[in-house]
Amino acid sequence: MRIQRQILKESNLRSTPSRSKILGLFLHNPHALSYSDIEKEVAPSFDRVTVYRTLKSFLDKGIIHKILDDSGGLKYGLCSDHCTNTEHQHDHVHFKCTQCGQTSCLDEVEIPAFDLPGGYKIEEVNLLIQGTCPSCR
Ligand SMILES: [Zn+2]
Ligand SMILES: [Zn+2]
Ligand SMILES: [Zn+2]
C-alpha cells in the first residue's frame, strides 16, 4: 500500500480506496489488464463508473497507458517513470501471446525509427508483436 500511496502522491492524485486497489492490481500483475480483468477483481466493491473514472485519472496522470489489441480490444499497462501528467513517452513494443492471450509491455525493446515518405509526420506508433511468451513455450 505504501508504494501505491507514493505513486498517487507524485501524480497529485488523492489516495482513495478505488485508486489504491486498482493501482495495486497493475503493480502486482506482470501483464497488461483489460477493463474486464479489472472489473472482475474489484466487483462488487466498486461500480463501473468508479472503475472508468479511476482508469481515466491514471491515463491522464501518466500512470498507465492504453495498449491496442489485435482484436480491437483495449488493455492498460503500467507506465515507466518517463510519463508525466502532461505527456506519455513510450517507445517500447507490446507482445501478445497467442497461447495464453496475455499482453505485456516489453520496456527494453524499442520501436525502431521509421523513415516515412515526405509529408507524413509520426505522432504515435503502436507496435504489437504476437507469438509465444516464456511461460507458454
Ligand atoms: Zn505512459
Ligand atoms: Zn503465454
Ligand atoms: Zn506498454
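The values are calculated or read from the model by the stated rules, or taken from the named source; none is laboratory data. None of the values given here were measured: they were computed from a predicted structure. Neighbour counts are summed over all protein chains in view; Cβ atoms, including those assigned to glycine, are modelled from backbone coordinates with ideal geometry. Side chains included, ligands, DNA and RNA excluded: accessible areas come from the protein's heavy atoms. Shrake-Rupley method; radii C 1.70, N 1.55, O 1.52, S 1.80 Å.
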Residue selected from the range 110-127 under the condition within 16 Å of ligand 1 (Cβ to nearest atom) and either touching a Leu at 6+ places or on another chain (Cβ under 7 Å) or open to solvent by less than 90 Å² (accessible area, probe 1.4 Å) (or both), by the criterion farthest from Lys75 (Cα to Cα): Ile111
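Does Arg53 satisfy the condition of being away from ligand 1 (no atom under 16 Å from the Cβ) and within 20 Å of Glu10 (Cβ to Cβ)? Can you show your working first?
Numbers: away from ligand 1 (no atom under 16 Å from the Cβ): yes; within 20 Å of Glu10 (Cβ to Cβ): yes.
Criteria met by Arg53.
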Unmet criterion (only one of (1) closer than 16 Å to Ala32 by Cα; (2) assigned to a loop (DSSP other than H, G, I, E, B)) for Asp107: (2)
Within the range 128-137, tally of residues that are open to solvent by 80 Å² or more (accessible area, probe 1.4 Å) and either within 16 Å of ligand 3 (Cβ to nearest atom) or among the basic types (Lys, Arg) (or both): 2
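Here's the yes/no breakdown for (1) farther than 29 Å from Gly131 by Cβ; (2) assigned to a strand (DSSP E or B); (3) touching a Gly at 6+ places or on another chain (Cβ under 9 Å):
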| position | (1), (2), (3) |
| --- | --- |
| Asn12 | yes, no, no |
| Lys21 | yes, no, no |
| Pro30 | no, no, no |
| Ile38 | no, no, no |
| Phe46 | yes, no, no |
| His65 | no, yes, yes |
| Lys75 | no, yes, no |
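Answer yes or no as to whether Lys66 is within 16 Å of ligand 3 (Cβ to nearest atom), among the charged types (D, E, K, R) and more than 30 Å from Glu10 (Cα to Cα).
Working: within 16 Å of ligand 3 (Cβ to nearest atom): yes; among the charged types (D, E, K, R): yes; more than 30 Å from Glu10 (Cα to Cα): no.
When the stated conditions are applied, Lys66 does not pass them.
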Number of positions in the range 40-82 that are out of contact with any helix residue (DSSP H, G or I) (no Cβ under 6 Å at 6 or more places or on another chain) and open to solvent by 50 Å² or more (accessible area, probe 1.4 Å): 20
Neighbours by Cβ (under 8 Å, 6+ apart or cross-chain): first from the range 65-92, touching a residue at least 60 places away in the same chain (Cβ under 8 Å) and more than 16 Å from ligand 2 (Cβ to nearest atom); second of a type outside the set (Gly, Ala, Ser) and open to solvent by 90 Å² or more (accessible area, probe 1.4 Å): Asn85/Asn12
